[in-house]
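Below: the structure, in C-alpha coordinates.
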Amino acid sequence: MSVSTEDRIRAAAFELFSTQGFDATTVDDIAAAAGVGRTTFFRKFRAKEDAIFPAHDELLALLADRLDAADSGDLHMEVLDAARFVFAHYLAEGERARQRYELARTVPALQVRELVGTQEYFQLFRNAMRARCEEGDFATALYGEQYASAVVTAHNFVLRRWLRGETKEHQARAELERAFDDVRDRFAEVVGSAAGATTVVVVTATTDPDSIAAQVRSALSEAARG
(Lines give C-alpha, C1' and ligand atoms only; values in the text may rest on other atoms or scores of the structure.)
Protein backbone atom coordinates (compact mmCIF):
# COMPACT_ATOMS: atom_id res chain seq x y z
CA MET A 1 0.00 0.00 0.00
CA SER A 2 1.39 3.39 -0.97
CA VAL A 3 2.19 5.92 1.74
CA SER A 4 1.01 9.49 1.30
CA THR A 5 3.42 12.40 1.22
CA GLU A 6 1.90 13.71 4.44
CA ASP A 7 2.47 10.40 6.23
CA ARG A 8 6.08 10.26 5.01
CA ILE A 9 6.70 13.72 6.42
CA ARG A 10 5.08 12.79 9.73
CA ALA A 11 7.15 9.61 10.00
CA ALA A 12 10.35 11.50 9.23
CA ALA A 13 9.54 14.18 11.81
CA PHE A 14 8.86 11.63 14.55
CA GLU A 15 12.08 9.79 13.78
CA LEU A 16 14.27 12.90 13.70
CA PHE A 17 12.74 14.50 16.79
CA SER A 18 13.30 11.25 18.69
CA THR A 19 16.87 10.68 17.54
CA GLN A 20 18.45 14.12 17.23
CA GLY A 21 16.06 16.29 19.21
CA PHE A 22 13.40 18.83 18.31
CA ASP A 23 15.60 21.93 18.42
CA ALA A 24 18.37 20.35 16.35
CA THR A 25 15.95 19.26 13.63
CA THR A 26 15.09 21.69 10.85
CA VAL A 27 12.31 21.68 8.31
CA ASP A 28 14.95 20.98 5.65
CA ASP A 29 16.07 17.90 7.63
CA ILE A 30 12.51 16.58 7.77
CA ALA A 31 11.85 17.29 4.11
CA ALA A 32 15.06 15.57 3.05
CA ALA A 33 14.33 12.50 5.19
CA ALA A 34 10.83 12.31 3.71
CA GLY A 35 12.14 12.71 0.16
CA VAL A 36 10.28 15.96 -0.53
CA GLY A 37 11.20 19.59 -1.01
CA ARG A 38 10.82 22.44 1.47
CA THR A 39 7.91 23.88 -0.51
CA THR A 40 6.06 20.58 -0.35
CA PHE A 41 6.54 20.47 3.41
CA PHE A 42 4.95 23.89 3.85
CA ARG A 43 2.05 22.94 1.61
CA LYS A 44 1.23 20.25 4.15
CA PHE A 45 2.23 21.86 7.46
CA ARG A 46 2.63 25.36 8.85
CA ALA A 47 5.62 24.53 11.07
CA LYS A 48 7.76 21.57 12.03
CA GLU A 49 5.82 20.92 15.27
CA ASP A 50 2.59 20.57 13.28
CA ALA A 51 4.07 17.58 11.48
CA ILE A 52 3.63 15.31 14.49
CA PHE A 53 0.18 16.43 15.62
CA PRO A 54 -3.15 15.06 14.37
CA ALA A 55 -5.08 16.92 11.72
CA HIS A 56 -6.98 18.93 14.33
CA ASP A 57 -8.47 21.34 11.80
CA GLU A 58 -10.21 18.52 9.96
CA LEU A 59 -11.45 16.95 13.19
CA LEU A 60 -12.72 20.28 14.49
CA ALA A 61 -14.62 20.98 11.26
CA LEU A 62 -16.20 17.53 11.30
CA LEU A 63 -17.27 17.80 14.94
CA ALA A 64 -18.52 21.38 14.49
CA ASP A 65 -20.88 20.16 11.76
CA ARG A 66 -22.18 17.39 14.01
CA LEU A 67 -22.75 19.73 16.94
CA ASP A 68 -24.44 22.34 14.75
CA ALA A 69 -26.90 19.73 13.57
CA ALA A 70 -27.70 18.42 17.05
CA ASP A 71 -31.06 19.11 18.69
CA SER A 72 -30.86 21.24 21.84
CA GLY A 73 -32.14 18.39 23.99
CA ASP A 74 -29.42 16.06 22.70
CA LEU A 75 -26.55 18.53 22.80
CA HIS A 76 -25.08 17.28 26.07
CA MET A 77 -24.80 13.77 24.66
CA GLU A 78 -23.50 15.08 21.33
CA VAL A 79 -20.66 16.89 23.11
CA LEU A 80 -19.75 13.66 24.90
CA ASP A 81 -19.90 11.77 21.60
CA ALA A 82 -17.62 14.38 20.02
CA ALA A 83 -15.10 13.87 22.82
CA ARG A 84 -15.35 10.10 22.33
CA PHE A 85 -14.55 10.62 18.65
CA VAL A 86 -11.39 12.56 19.53
CA PHE A 87 -10.41 9.90 22.07
CA ALA A 88 -10.83 7.14 19.50
CA HIS A 89 -8.63 9.08 17.09
CA TYR A 90 -5.77 9.07 19.60
CA LEU A 91 -6.24 5.38 20.36
CA ALA A 92 -6.10 4.63 16.64
CA GLU A 93 -2.71 6.37 16.44
CA GLY A 94 -1.34 3.89 18.95
CA GLU A 95 2.39 4.17 19.56
CA ARG A 96 2.66 7.37 17.55
CA ALA A 97 0.39 9.14 20.05
CA ARG A 98 2.60 7.92 22.90
CA GLN A 99 5.73 9.12 21.11
CA ARG A 100 4.20 12.57 20.74
CA TYR A 101 3.26 12.63 24.41
CA GLU A 102 6.82 11.79 25.47
CA LEU A 103 8.25 14.44 23.15
CA ALA A 104 5.82 17.09 24.38
CA ARG A 105 6.82 16.46 27.99
CA THR A 106 10.33 17.73 27.30
CA VAL A 107 9.89 20.23 24.45
CA PRO A 108 8.19 23.53 25.38
CA ALA A 109 7.17 24.30 21.78
CA LEU A 110 5.35 20.98 21.57
CA GLN A 111 3.71 21.53 24.95
CA VAL A 112 2.35 24.84 23.67
CA ARG A 113 1.05 23.22 20.50
CA GLU A 114 -0.64 20.52 22.57
CA LEU A 115 -2.27 23.12 24.81
CA VAL A 116 -3.52 25.01 21.76
CA GLY A 117 -5.19 21.84 20.47
CA THR A 118 -6.86 21.23 23.84
CA GLN A 119 -8.12 24.80 23.93
CA GLU A 120 -9.57 24.48 20.44
CA TYR A 121 -11.69 21.50 21.47
CA PHE A 122 -12.80 23.28 24.62
CA GLN A 123 -13.85 26.31 22.59
CA LEU A 124 -15.73 24.11 20.15
CA PHE A 125 -17.73 22.43 22.93
CA ARG A 126 -18.28 25.71 24.80
CA ASN A 127 -19.47 27.54 21.70
CA ALA A 128 -21.87 24.72 20.86
CA MET A 129 -23.42 25.06 24.31
CA ARG A 130 -23.50 28.86 24.12
CA ALA A 131 -25.24 28.81 20.76
CA ARG A 132 -28.31 27.39 22.53
CA CYS A 133 -28.29 30.18 25.15
CA GLU A 134 -30.47 33.25 25.02
CA GLU A 135 -28.45 36.43 24.61
CA GLY A 136 -27.42 37.78 27.99
CA ASP A 137 -28.34 34.58 29.85
CA PHE A 138 -25.46 34.57 32.34
CA ALA A 139 -26.36 31.37 34.18
CA THR A 140 -26.75 29.25 31.05
CA ALA A 141 -23.61 30.69 29.46
CA LEU A 142 -21.64 29.93 32.64
CA TYR A 143 -23.03 26.41 32.66
CA GLY A 144 -21.90 25.88 29.06
CA GLU A 145 -18.40 26.99 30.01
CA GLN A 146 -18.31 24.65 33.00
CA TYR A 147 -19.76 21.68 31.13
CA ALA A 148 -17.29 22.01 28.24
CA SER A 149 -14.42 22.29 30.69
CA ALA A 150 -15.56 19.21 32.59
CA VAL A 151 -15.83 17.12 29.42
CA VAL A 152 -12.37 18.14 28.21
CA THR A 153 -10.83 17.59 31.65
CA ALA A 154 -12.35 14.10 31.94
CA HIS A 155 -11.22 13.22 28.41
CA ASN A 156 -7.66 14.41 28.96
CA PHE A 157 -7.32 12.74 32.37
CA VAL A 158 -8.21 9.34 30.95
CA LEU A 159 -6.20 9.90 27.75
CA ARG A 160 -3.02 10.77 29.69
CA ARG A 161 -3.31 7.57 31.71
CA TRP A 162 -3.38 5.59 28.48
CA LEU A 163 -0.55 7.62 26.95
CA ARG A 164 1.63 6.89 29.99
CA GLY A 165 0.98 3.18 29.57
CA GLU A 166 -1.01 2.91 32.81
CA THR A 167 -4.02 1.38 31.04
CA LYS A 168 -4.70 -0.83 28.05
CA GLU A 169 -7.01 0.32 25.26
CA HIS A 170 -10.09 -1.53 26.54
CA GLN A 171 -9.46 -0.21 30.05
CA ALA A 172 -9.09 3.33 28.75
CA ARG A 173 -12.42 3.11 26.92
CA ALA A 174 -14.11 1.87 30.07
CA GLU A 175 -12.48 4.61 32.15
CA LEU A 176 -13.69 7.25 29.71
CA GLU A 177 -17.27 6.08 30.17
CA ARG A 178 -16.85 6.17 33.95
CA ALA A 179 -15.48 9.70 33.70
CA PHE A 180 -18.35 10.81 31.47
CA ASP A 181 -20.85 9.22 33.85
CA ASP A 182 -19.35 11.42 36.55
CA VAL A 183 -19.71 14.50 34.35
CA ARG A 184 -23.37 13.67 33.72
CA ASP A 185 -23.97 13.17 37.45
CA ARG A 186 -22.36 16.47 38.35
CA PHE A 187 -24.41 18.37 35.80
CA ALA A 188 -27.61 16.38 36.28
CA GLU A 189 -29.64 19.40 37.41
CA VAL A 190 -29.14 21.37 34.21
CA VAL A 191 -29.20 18.33 31.95
CA GLY A 192 -32.54 17.44 33.47
CA SER A 193 -33.84 20.95 32.95
CA ALA A 194 -32.70 20.91 29.33
CA ALA A 195 -34.72 17.76 28.82
CA GLY A 196 -37.85 19.46 30.11
CA ALA A 197 -37.81 18.65 33.83
CA THR A 198 -38.54 21.47 36.28
CA THR A 199 -37.59 21.46 39.95
CA VAL A 200 -38.49 24.20 42.41
CA VAL A 201 -36.55 24.65 45.65
CA VAL A 202 -37.59 27.28 48.18
CA VAL A 203 -34.77 28.93 50.15
CA THR A 204 -34.28 32.00 52.32
CA ALA A 205 -31.76 34.78 51.88
CA THR A 206 -29.60 33.27 54.63
CA THR A 207 -29.50 29.73 53.25
CA ASP A 208 -25.89 28.73 52.54
CA PRO A 209 -24.89 27.52 49.04
CA ASP A 210 -24.05 23.96 50.16
CA SER A 211 -27.50 23.59 51.67
CA ILE A 212 -29.11 24.86 48.47
CA ALA A 213 -27.13 22.37 46.38
CA ALA A 214 -28.12 19.52 48.72
CA GLN A 215 -31.80 20.49 48.47
CA VAL A 216 -31.59 20.61 44.66
CA ARG A 217 -30.00 17.17 44.50
CA SER A 218 -32.61 15.75 46.87
CA ALA A 219 -35.48 17.28 44.90
CA LEU A 220 -34.11 15.95 41.63
CA SER A 221 -33.68 12.48 43.07
CA GLU A 222 -37.27 12.46 44.25
CA ALA A 223 -38.44 13.69 40.85
CA ALA A 224 -36.49 10.95 39.11
CA ARG A 225 -38.01 8.29 41.38
CA GLY A 226 -41.48 9.72 40.81
Q: State the extension gain, in nm to one decimal, for the chain segment bounded by E15 and N127, taking 0.36 nm per residue of separation less the distance between their alpha-carbons.
A: 36.6 nm
Q. Which loop trypsin sites (Lys or Arg not before Pro) in the range 1-86, with loop taken from DSSP, have no more than 12 other Cβ atoms within 10 angstrom of their Cβ?
A. R46
**Q.** Largest to smallest accessible area among L16, L115 [probe 1.4 Å]
**A.** L115, L16
Q. Accessible surface of E95 in the full protein assembly, 1.4 angstrom probe, to the nearest 10 Å²?
A. 110 Å²
Q.
Just to make sure I understand: if all protein chains stay in place, what is the order of V158, V36 by accessible area at 1.4 Å, largest first?
A. V36, V158
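The values are calculated or read from the model by the stated rules, or taken from the named source; none is laboratory data. Just so it is clear, the structure is predicted and the values come from calculations on it, not from any experiment. We place every Cβ from the backbone using ideal geometry, glycine too, and count neighbours over all the protein chains shown. SASA here: full protein model, heavy atoms, side chains in, ligands and nucleic acids out. Shrake-Rupley method; radii C 1.70, N 1.55, O 1.52, S 1.80 Å.
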